[in-house]
Amino acid sequence: MSINEKFTAIRKGLLEFLVLKIVSADKVYVADILKALSETEFSTQEGTLYPLLSKMRREELVDYEWKESEAGPPRKYYELTAKGREQLRETSEYWQKIVGTVKNLGD
Amino acid sequence: MNKVTTIHLNGNAFQLEESAYEALRNYLDNAARQLEGNPDRQEILADIERAIADKCRAVLGPHKTVVVSGEVETILAEVGPVQDPTEGPNETAGAGATSPGGQGGASSQSQGTGSPARRLYKIKEGAKIGGVCNGLAAYLNIDVSILRVFFAFLVFCWGFGLLLYILMLILIPVAVTPAEKAAAFGGGSPSTAGEFVRRAKQGYYEGMKTFKDKQAHREWKRRFRSEMRGWRSNFHREMRATTAEWSNCRTGAEPPPSGVGFGLTLTFLEVLGVAATLLCVYAVWSLFVHGSVFGVQLPAGVPTWMWIIILIFVCKMVTTPAKVMRWTARHGGSACGVTGGLCIALANTCIGVALMILFLWVLAHHGPEVHRVLHEAATSAHQAIDSIRDGWNKK
């Protein structure tokens, strides 16, 4: 089993955190999120991202609004809600703790 | 030249090649199935449709108005399989803590539908030929060796195994993406004891490859070899015993009956067999040249290879009883006789057909591709009957 396969579940679990981070920076639509992730290990596809965003919206972490685009039909632009920002803060802290643990253990 | 279908995705009309339309419909049906029980299902599907529409628009231009099937395949590969984040193994870890209220409805619904959707795929990893047995083993949750032996047995018994294998090789899609592979095994975690044992065994053999302790490795290999030797000698002994029994039977049996009547029967059976084979060859030839069999125009819905398989099958159905009768008449002696041989042949054919029907039934209920083909076969059978009736009335 390669490293890549071993981390499949972890990458999947972290995706929500990363989407929170990307959306926190700016109002974005799905193609922007995909592009931001495409050059990383977390490269993903619409088939995964849309269901995730819908779930996050149901949990009131993100919200979207329709915006006209210069080419083609209107698009959904996502932004964080107050609850989403809070969640991002908590997740970031927790992540720092994990990174710290990984770094310190065994040294 | 291909037929074009017009569809609307999210309020916009697109022209698609018919095969492209099939691929797209398959994908969306699959997505809808994946999202069963998800409260946002309609919205996610609309989002996906919008994304696909955007990508279709990108490949079209002022001088290109039709999306061809290769482009749709690329687009669908880009969009990727729809994965429901509210299902699967990390549901408890990820979503459970954050919103117990919102999840309640979805998870109880998905529990209502049972285990995650298991689908029939070919699995290329560790496959011997095309991954059919591998996929089927994962689907039915049994050891792949059992299935391989079963298929080999079918090939030697009636030749149906080969036919079935080729059919499945053509019809069953390959599991390419991780999601499809997961669906082939029916979800992430080993759900039954059989699957658990299968995985444990795989891990065991994997572990053996990278064995550090040389001594233990050698010991393991030695034991493995001796087991194999034992198995082989057992097999040889049994084969020898069977052969001996056969030859005893042959020499012990009464000499084959002779006479004018017997000779005539034998000749008649031989002629019948040859005639059936010739007819089959002629039918396949005319199918290729004229697109019709014995002057009957075949409906367009069913592909040519399907007709060839049906023809060979029918031919075999006719010739096998005759062949067995001939064989028993020559070698069987008076013990079973011609009628006995015919009975055995008929029983064999019936069992073969029953197995075939059973397999088709399993495939039809669990393989969407096969389901579609069978569905179309029903309509084309109606058309065939209609065309035969028309031809008859004209006469």
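The values are calculated or read from the model by the stated rules, or taken from the named source; none is laboratory data. This one's a predicted model, so the numbers in the text were calculated from it and none came from an experiment. Positions of Cβ are backbone-derived with ideal geometry, glycine not excepted, and every protein chain shown enters the neighbour counts. Just the protein is used for accessible areas: all its heavy atoms, side chains included, with ligands, DNA and RNA removed. Shrake-Rupley method; radii C 1.70, N 1.55, O 1.52, S 1.80 Å.
Contact residues in region A:1-43 (at least 30 Å² less accessible area with all protein chains than alone, 1.4 Å probe): A:LYS12. Amide H contacts of B:LEU9 (H built 1.01 Å from N, in plane; Pro and chain starts excluded): B:PHE14 sit under 5 Å, all sequence-distant by 5 or more or on other chains. In chain A the Cα-Cα distances spread across 10 Å bins starting at 0 as 13, 41, 32, 11, 3, 0 percent of all pairs. Straight-line reach from A:LYS55: taking Cα to Cα under 29 Å and skipping same-chain neighbours fewer than 8 places apart, the lysines in range are A:LYS6, A:LYS12, A:LYS21, A:LYS27, A:LYS35, A:LYS67, A:LYS76, A:LYS83, A:LYS97, B:LYS55, B:LYS181. What accessible area, summed over both chains, is buried at the B-A interface (1.4 Å probe, Å², nearest 100)? The contact between A and B buries close to 2000 Å². The calculated FRET efficiency for the pair A:ARG11 and B:VAL353, based on their C-beta separation and a Förster distance of 60 Å, comes to about 0.75.
Remark: region B:225-240, residue by residue, has Karplus-estimated 3J(HN,Hα) of 4, 5, 4, 4, 4, x, 4, 5, 5, 4, 4, 4, 4, 4, 4, 4 Hz, where x stands for each Gly or Pro and the curve is 6.51 cos²θ - 1.76 cosθ + 1.60 at θ = phi - 60°. Ignoring aspartates and glutamates fewer than eight residues from B:LYS3 along the same chain, the ones with Cα atoms less than 18 angstrom from its Cα are B:GLU17, B:GLU18, B:GLU22, B:GLU71, B:GLU73, B:GLU376.
Were the residues from B:VAL314 through B:ILE170 laid out at 0.36 nm apart, the gain over their Cα-Cα distance would be 49.8 nm. Rolling a 1.4 Å probe over the protein heavy atoms leaves A:LYS27 with an accessible area of roughly 70 Å². Across the protein chains, with a 1.4 Å probe defining accessible surface, the residues B:TRP220, A:TRP95 rank A:TRP95, B:TRP220 from largest area downward.
Residue-wise HN-Hα couplings along region B:136-152, as the Karplus relation 6.51 cos²θ - 1.76 cosθ + 1.60 with θ = phi - 60° gives them from phi, are 5, 5, 5, 5, 8, 6, 10, 5, 5, 4, 4, 5, 5, 4, 4, 5, 4 Hz; Gly and Pro carry x.
How high is the relative contact order of region B:123-185, in percent, with contacts defined as C-alpha pairs under 8 Å that are six or more residues apart?
With pairs under 8 Å counted, the relative contact order is 34 percent.
Radius of gyration over Kirkwood radius for region A:15-74, both on Cα atoms: the Rg/Rh ratio is 0.95. Sequentially through region B:78-83, phi angles give Karplus couplings (6.51, -1.76, 1.60; θ = phi - 60°) of 5, 5, x, x, 6, 10 Hz, Gly and Pro residues having no value and appearing as x.
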